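These notes are about the structure you will find just below.
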């Protein structure tokens, strides 16, 4: 058997996407030709990423691993800095594009969840609230990246027009997605990580409270009720069942929700900045966070859940 570069229980740095993360080798094997369904050959390692849930444990080829030493850590930090630079460039490009669109169109429409038509940048007071009171409320803007707007439209079309559903339970689910974002920020300053953790916790709370009443299309009600019943008595939240598709819908509603908070302007600015960074991170990882195919439904389900 050929020599393996890494040993079981060894701490390593492992590529996951464009970045490297600290991991532990759980198993080390040399795969022979025809010894596995994937057809892969050579040294392979079953790794667990530090701080990640076990659902992310995976077999990786040797080229995805680096020694956990001074040189490896330097490389890890360089990759993070390069990713930050790309993120900053994309944010600036997005701002410029949004500004250009605002000049030509004024508003951008996005299909709204729960059959509420199109969400636009129009001002509409709550029942019993005068126009003067409404105008005094701070205007909250959250820029959704174009790729995610396309995702929202495709999501709406698959469910309302094609009568399909997001396959549940989702992998990754909302809880895992929020954890993954915090892992992405693991090398940031402690204060930034603390604030991000609070934002992630808030998003999880908002999601679980808003899902049943605000984030579902009528056609999804039957599916929701089925999974809601399955979770009764388990102590688990719906954020362990639903994933990125429904979490993204939350951001359509957030401006309205945040307009009624008691946050001071400085805290609101910090919150908005974190929400924008989270959306940019979702955009960069959209191929992993969103399903490529929705599932069809039976005629019985369609008859029971039509609008």
Take the residues of the range 7-21 that are surrounded by 14 or more Cβ atoms within 10 Å (Cβ to Cβ) and at pLDDT below 90: which is farthest from residue 76 (Cα to Cα)? 16
Could we say that residue 144 is under 15 Å from the mean Cα position of the chain (by Cα), part of a loop (DSSP other than H, G, I, E, B), modelled with pLDDT of 85 or more and surrounded by 14 or more Cβ atoms within 10 Å (Cβ to Cβ) here? yes
Qualifying position, being surrounded by fewer than 17 Cβ atoms within 10 Å (Cβ to Cβ) and at pLDDT 90 or above, among 222, 204, 243: 222
Segments classed as helices (runs of 4 or more DSSP H), wholly inside the range 172-271, with at least 3 members that are free of Cβ contacts under 8 Å to residues at least 24 places away in the same chain and out of contact with any helix residue (DSSP H, G or I) (no Cβ under 8 Å at 6 or more places or on another chain): 190-214, 221-231
Determine which single condition residue 167 fails, assuming it passes every other condition in (1) surrounded by 16 or more Cβ atoms within 10 Å (Cβ to Cβ); (2) in contact with a strand residue (DSSP E or B) (Cβ under 8 Å, 6 or more places away or on another chain); (3) not in a helix (DSSP H, G or I). (1)
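Could you list, in sequence order, the residues of the range 57-74 that are surrounded by 13 or more Cβ atoms within 10 Å (Cβ to Cβ) and either in contact (Cβ under 8 Å) with a residue 40 or more places away in the chain or within 14 Å of residue 10 (Cα to Cα) (or both)?
60, 62, 64, 65, 66, 67, 68, 72, 73
The values are calculated or read from the model by the stated rules, or taken from the named source; none is laboratory data. Treat the numbers as computed from the prediction; the structure is a model and nothing was measured. Ideal geometry is used to build each Cβ from the backbone, glycine not excepted, and the neighbour counts take in all protein chains shown.
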